[in-house]
Every structure is written in C-alpha cells, then in structure tokens.
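K.L.:
Here's a structure for you.
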Amino acid sequence: MALSTRVSQKKQIRRKAPRGFLRRIFKRQKPHLRLETSGDLLVHLNCLLFVHRLAEESRINACENKCGVIKNEHVLAAAKVILKKSRG
C-alpha cells in the first residue's frame with residue numbers, strides 16, 4: 001500500500017495574547033508611552049478585529065468578482081475600503 005500524501009492540517013491555536021511581545025514592541029517604538037495594565041490587550045483586540053474585517057471584505061470582493069480564491073487584489077481593495085470607513 002502506498003503512503004498517504006495528505007498532510008495533517010491540525011495546528012494548536014494560541015489561547016492567549018502575546019503580551020510580552022506586545023509590551024516589548026511598544027517599549028522599542030515609543031519608550032515614553034505609558035500604557036495601562038491591560039492596554040496591550042486592547043491593542044491586540046483592535047488588531048484582531050481589523051484582520052477579521054479585512055477577511056470579510058476580501059471575501060465579499062472575491063465573491064463579487066466570481067472568484068473562488070481570495071487574491072492579493074481583493075485584500076488590497078478591502079484594505080482601502082476599511083481605511084476610508086475608519087477615517088470617517
């Protein structure tokens with residue numbers, strides 16, 4: 001019998017935010033910045049929400065173009081839409 005060429009897709013999902021990494025990045029970029037104790041979690045949540053919105057908009061763009069695969073153009077167009085919405 002031939003060996004299966006199927007690769008397992010199981011990966012462990014992190015359940016915690018990378019707090020130490022975020023704090024280190026903040027300190028390097030803006031050493032004078034003083035954050036609350038949970039400020040890094042709010043930044044992480046904001047990033048996750050942005051990525052979720054970007055994925056939704058990209059999927060909508062791909063469906064409008066009758067494309068089964070989300071391509072680079074779909075993501076770039078979605079990013080422009082999201083940035084316009086956030087700037088008001």
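The values are calculated or read from the model by the stated rules, or taken from the named source; none is laboratory data. As the structure is a prediction and not an experimental result, all values here were calculated from the model. Cβ coordinates were reconstructed from backbone atoms using ideal geometry, including for glycine residues, and neighbour counts include every protein chain displayed. Please note that ligands, DNA and RNA were not included when accessible areas were found on the heavy atoms of the full protein model with its side chains. Shrake-Rupley method; radii C 1.70, N 1.55, O 1.52, S 1.80 Å.
K.L.:
What number comes out for the charge environment of residue 72, summing +1 per Lys or Arg and -1 per Asp or Glu over other residues with Cβ under 15 Å away?
P.N.:
+1
K.L.:
How much length is gained on full extension from residue 59 to residue 15, taking 0.36 nm per residue of separation minus their Cα-Cα distance?
P.N.:
Extending this stretch completely gives an extra 13.3 nm.
K.L.:
Also: Would you mind calculating the gained length between residue 50 and residue 24 on full extension (0.36 nm times residue separation, minus the Cα-Cα distance), in nm to one decimal?
P.N.:
Between residue 50 and residue 24, full extension yields an extra 7.2 nm.
K.L.:
Accessible area of the chain with a 1.4 Å probe: how many percent of it is carbon plus sulfur?
P.N.:
58 percent
K.L.:
For residue 64, what accessible area in Å² do you get when you roll a 1.4 Å probe over the heavy atoms of the protein chains, rounding to the nearest 10?
P.N.:
130 Å²
K.L.:
Among (1) 34, 28, 22; (2) 59, 44, 19; (3) 69, 54, 15, which is the computed Cα extents along the principal axes in Å?
P.N.:
So the calculated entry is the one marked (2).
K.L.:
Ranking request for peptides 21-34, 71-84: highest mean number of other beta-carbon atoms within 10 Å first, then the rest in descending order.
P.N.:
Ranking the peptides 21-34, 71-84 by packing returns 71-84, 21-34.
K.L.:
Of 70, 13, which has the most accessible area with a 1.4 Å probe, and how do the rest follow in descending order?
P.N.:
Ranked list, largest accessible area first: 13, 70.
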